[in-house]
Amino acid sequence: MRRSRGRVTDNPDRARRREAVYRTREQLDTARERFHSAIRAAHAAGVSLRAIADDAGLSHQRVHQLMNEPSAASFARQDHMCRGGGRRCRNAVGA
């Protein structure tokens, strides 16, 4: 076994688990973006924020926040970057 910065690098079980976590995170991100897009589409169709919130099980404040957030598509893999200076997060998948 080879060590890289104190970590074992050729453990196949760990690699499979890491890949499973990565795939699950991708699915979660896709589902979240579809959910937010549906909320934006409902608002664009004239549904009130409170009605959307009631249907989605959210507060009207959270729906308002979602309306003002840019879509996830505009973030090129931002979930893998730290907020502090753009350094890679230690706990990010694939780090």
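Could you please let me know if Ala95 is part of a helix (DSSP H, G or I) and either in contact with a Lys or Arg (Cβ under 9 Å, 6 or more places away or on another chain) or modelled with pLDDT of 55 or more (or both)? In short, no. Is it the case that some residue within segment 61-77 is at pLDDT 95 or above and part of a loop (DSSP other than H, G, I, E, B)? Within segment 61-77 (the criterion being at pLDDT 95 or above and part of a loop (DSSP other than H, G, I, E, B)), the answer is no, since none of the residues qualifies. Does Glu33 qualify as being under 30 Å from Arg14 (Cα atoms), among the acidic types (Asp, Glu) and modelled with pLDDT under 95? Judged against the criteria, Glu33 is a match.
The values are calculated or read from the model by the stated rules, or taken from the named source; none is laboratory data. In this text, all values refer to a predicted model and were calculated from it rather than measured experimentally. We place every Cβ from the backbone using ideal geometry, glycine too, and count neighbours over all the protein chains shown.
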